[in-house]
Every structure is written in C-alpha cells, then in structure tokens.
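A short reminder: the numbers here are calculations on the coordinates, not readings from a lab. Note that the structure is predicted; figures quoted are calculated from it, not measured. Using ideal geometry, Cβ is built from the backbone for each residue, glycine included, and neighbour counts are taken over all protein chains shown.
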Amino acid sequence: MMEKIHFKAGQIELEGILQLNDSENGVVLAHPHPLYGGNMFDFVLESAENAFLKKGYTTLKFNFRGVGKSQGRFDNGRGEQEDLLAAVAHLRELGLTKIDLAGYSFGTWIISRINTEEIGIKDLFYISPPMGLMDFSGVPAMKALKLVTTGSMDEYAPPATLRKVLDECESTACLEIIEGADHFYGGYHYELEKIIHAHIGK
C-alpha cells in the first residue's frame, strides 16, 4: 500500500513515499541531482522501486532537502547524507531489520559518502554512478556494493571508468552494461528493472 509520509532529518522535515510489504526487508531509494530537476518521481528510480516491490521489499523513496515539499535547501551533499540516514532510521523504526540502499546518479554519490557498515546496510545498488563527473575517490568501504549498472552510451557513468574504480576498490560488485542506453535509460527502463530484480537478495 502506497502512503505519503513525512519524517525528520535533524531540524527539517522531508517528504517521502512509503510502500509497505510483509517482510523484514526494506530499501531506501535516493534520487538524482536536485539542481538538475532530480526528485523521487524519477522514472529510473521508479524502475528500481518496482524491482524491489516485486521481491516483496518495503520501499521508501523521498525528496532530498529543498526538493518538492521537503524543507531546507540544497547542501552540496552534506545535509543530503543526513537525509539518507534519516530515511534508513525511519525504516528501522518500522521494524525492518534488513535494509538495502539504491541510488541513481547523484543518489549513488550520497550513498558512497556514508559508512554503510556502521549502520548495518545489507546491499548497495548503484544506477549510473556519475564517476565521470563527480569525485568518488576516498569513499568509505564498498564491501556491501552488490550491483552497478550503466549504459554503453552513458557519458556521465562511462563503463570503462566504472570498471577502473571498481577494480581499484577491489569490489566484488557485478557491473551490468545495457547496450545502447544513455544516462537517462530512455527506452530501457524495463531492461534496467529486470537486471536489478535479478540481483536482489543474491
């Protein structure tokens, strides 16, 4: 059942959409860059949401501070980390014990800045991490990284760059490249959903 919710991140209130399932598994979904129109209603993020729902997960997507009806303003990734942690805490308060994180573009960068081991995250899913545009160096351990997807035509998340970074991090994550897709996955949303669905819980 879909429910519009509000939850606190420090002194501000964020808006989100929660879909509850009868499972101990949950996922928080992080949207693309707020300054370029990114929000929780993004079609790529919806593909990830659908994949997790079909696996019986509770899903929580939300607007970062300053987006939509979420209070505050853009904070160059600092406050956005607090937002993400608040979303995880909200799922914990609902009794969910196994929580994954899934992000698209800017959302992956926010996830990468967090020490996910400290907060007991199970698996991470990165959709087109913009490693050709944003600095992913010196990120916390990536042991929980399960899946990275990108398109063969993605100039912000070039497959060669992603391979190099994953090798340098000695990551065991699976890198899936969708032939013909660019950063926005136009015409490839269902293929993306199938790939994510296949890796959940593996």
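Per-structure values
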read-out: Max mean-square fluctuation residue, GNM over the chain, Cα-Cα springs under 10 Å, options LYS122, LYS69, LYS146; value: LYS69
read-out: Fully extended contour minus Cα-Cα distance, from GLU117 to ASP22, at 0.36 nm per residue; value: 31.7 nm
read-out: Full-extension gain in nm, GLN11 to GLU46, via 0.36 nm per residue minus C-alpha separation; value: 9.8 nm
read-out: Relative frequency of Cα-Cα separations exceeding 21 Å in the chain, percent; value: 46 percent
read-out: All Cα pairs of the range 121-177, percent lying beyond 20 Å; value: 14 percent
read-out: Contact order normalised by residue count of the range 2-199, Cα under 8 Å, 6+ apart, percent; value: 19 percent
read-out: Among ALA87, MET142, HIS33 the positive-end extreme of the charge dipole of the chain (Cβ point charges); value: ALA87
read-out: Residue with peak Gaussian network fluctuation, the chain [Cα springs, cutoff 10 Å], from ALA48, ALA173, ALA160; value: ALA160
read-out: Antiparallel bridges, percent of DSSP beta bridges restricted to the chain (to nearest 5); value: 35 percent
